[in-house]
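Asks: Questions regarding the structure given below will be posed in turn.
The values are calculated or read from the model by the stated rules, or taken from the named source; none is laboratory data. Values in this document were obtained by computation on a predicted structure and should not be read as measured data. For neighbour counting, all protein chains shown are included, and Cβ atoms are generated from backbone atoms with ideal geometry for every residue, glycine included.
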Amino acid sequence: MRVLILNIKKLAIPFLFLLFFTYITWHLSKSLVTALPFKNARAIITWNDFLNFKTVFLSIIIEALPFILIGVLVSAILENFLSEETIRKVLPGNRILNIFLACFLGIIFPVCECGIVPVARRLVSKGVPLYSAITFMLAAPIINPVVASSTAVAFSANPKIVWFRLGLAFFVSFVTGLLLSYWFDSSELKRGIVQNFYYCGCDHEHHDHHHNSQPTFKTKIINTFQSACDEFFDMGKYLIMGASLAAIAQTFVSRDIILNIGQNSLSSIAAMMTFAFGVSVCSSADAFIAASFATNFTTGSLLAFMVFGPMIDMKNNLMLLNAFKARFVIALVMIVSLLVIGSTLLINIVSVGGFR
């Protein structure tokens with residue numbers, strides 16, 4: 001409880017300042033627009049635009065928050081009660097079966113992408129093949145019950161998107177793992193890095209709980225709630241940023257521009273992949289942001305956002321570069337990018353009956 005109160009205080013003060021300055025800026029901008037001599041000045045921003053922004057923004061936040069909460073709680077439980085040895089023992093020795101099973105481990109061990117790279121690093125250091133750990137890292141944040149449920153809720157009007165997302169995530173993860181198994185080995189893991197925590201680009205620390213002295217059950221419970229609180233507030237800021245950008249794009253960007261980009265088979269994919277890389281939204285909530293673009297963007301581009309983002313985003317890249325050699329990270333990003341672009345472009349071509 002003390003940790004939760006401290007986190008709320010840490011978040012509340014900047015949030016209140018943000019609301020205050022937003023209120024002042026909004027009224028100043030209205031006064032300036034009123035004072036401008038140009039005929040169309042009043043059409044730049046209207047009160048209805050602000051109301052539309054608020055509606056889109058709050059609808060994304062309210063729908064996504066429950067799944068963020070479930071996701072971070074499950075992730076914290078696994079972090080504190082599950083050892084990497086368990087995962088290593090589950091994986092078979094056969095290469096193809098190993099990669100295949102690694103794609104579906106997220107169903108049993110659903111892990112948020114915020115802490116998945118440190119888990120992959122520890123798996124490799126404990127003797128799990130590099131390709132198995134990376135396959136698990138790519139697939140687990142998407143192919144799990146929490147993400148499937150959130151995607152089903154977000155795309156309730158189009159349920160096939162859920163299966164497309166899960167199927168595409170499996171395809172990209174499996175092929176990437178298979179290619180890596182022939183091109184790289186465990187030597188790509190950086191050596192000589194002794195840390196008690198792993199940097200993940202967020203404001204809290206993911207501690208390595210696997211010391212010689214095992215923590216008590218009570219300590220694990222406390223650590224679970226602390227990890228869940230930290231990750232909830234950390235993921236919340238990415239959700240707010242993503243929801244804000246989505247609401248701004250739909251409220252203030254010309255519909256003609258959005259349609260020109262969103263209805264093009266290739267540019268829509270490039271735009272949504274870039275968006276996913278930048279906002280780094282948790283996979284438990286990204287479907288709600290994608291669904292807000294459903295009327296303006298192609299099906300392939302929405303899938304690219306929901307598959308590429310959890311696998312390769314800005315914070316994941318920082319984690320990867322901290323754990324693995326640069327040449328391996330570059331190869332991984334290129335493989336995943338090409339597979340996502342190629343498969344989603346094919347989906348766009350098939351869905352509209354040709355390239356446009």
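Asks: Working only within the range 140-157, note down all residues that are in a loop (DSSP other than H, G, I, E, B), of a type in the set (A, V, I, L, M, F, W, C) and farther than 16 Å from Phe308 by Cα.
Replies: Phe155, Ala157
Asks: Output the residue which, of all residues in the range 254-300 that are of a type in the set (Ser, Thr, Tyr) and farther than 22 Å from Val350 by Cβ, is surrounded by the most Cβ atoms within 10 Å (Cβ to Cβ).
Replies: Ser283
Asks: In this structure, is Ser75 assigned to a helix (DSSP H, G or I), modelled with pLDDT under 80, closer than 18 Å to Ile142 by Cα and among the polar types (S, T, N, Q)?
Replies: yes
Asks: Residue by residue through the range 125-139, note down the ones that are hydrophobic (A, V, I, L, M, F, W, C) and assigned to a helix (DSSP H, G or I).
Replies: Leu130, Ala133, Ile134, Phe136, Met137, Leu138, Ala139
Asks: Only one of (1) of a type in the set (Val, Ile, Thr); (2) within 21 Å of Glu113 (Cα to Cα); (3) in contact with a Leu (Cβ under 8 Å, 6 or more places away or on another chain) is not met by Thr344, so which one is it?
Replies: (2)
Asks: If we keep just the residues of the range 232-291 that are touching a Ser or Thr at 6+ places or on another chain (Cβ under 6 Å) and among the small types (Gly, Ala, Ser), which is modelled with the lowest pLDDT?
Replies: Filtering first and then ranking leaves Ala246.
Asks: Which condition number in (1) closer than 16 Å to Pro141 by Cβ; (2) buried (at least 21 other Cβ atoms within 10 Å of the Cβ) is the one that Asn317 fails?
Replies: That leaves (2) as the condition not met.
Asks: Sticking with this structure for a sec: Among the residues of the range 164-219, what is the count of those that are crowded, with 16+ Cβ neighbours inside 10 Å, modelled with pLDDT of 75 or more and part of a loop (DSSP other than H, G, I, E, B)?
Replies: 1
Residues checked against (1) assigned to a loop (DSSP other than H, G, I, E, B); (2) farther than 19 Å from Ala323 by Cβ:
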| site | (1), (2) |
| --- | --- |
| Lys89 | no, yes |
| Leu97 | no, yes |
| Ala102 | no, no |
| Ile107 | no, yes |
| Pro110 | yes, yes |
| Val117 | no, no |
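Asks: Oh, and also: Condition check: touching a helix residue (DSSP H, G or I) at 6+ places or on another chain (Cβ under 8 Å), assigned by TED's automatic domain parsing to the domain that holds Thr176 and of a type in the set (D, E, K, R). Does Asp256 satisfy that?
Replies: No: the conditions fail for Asp256.
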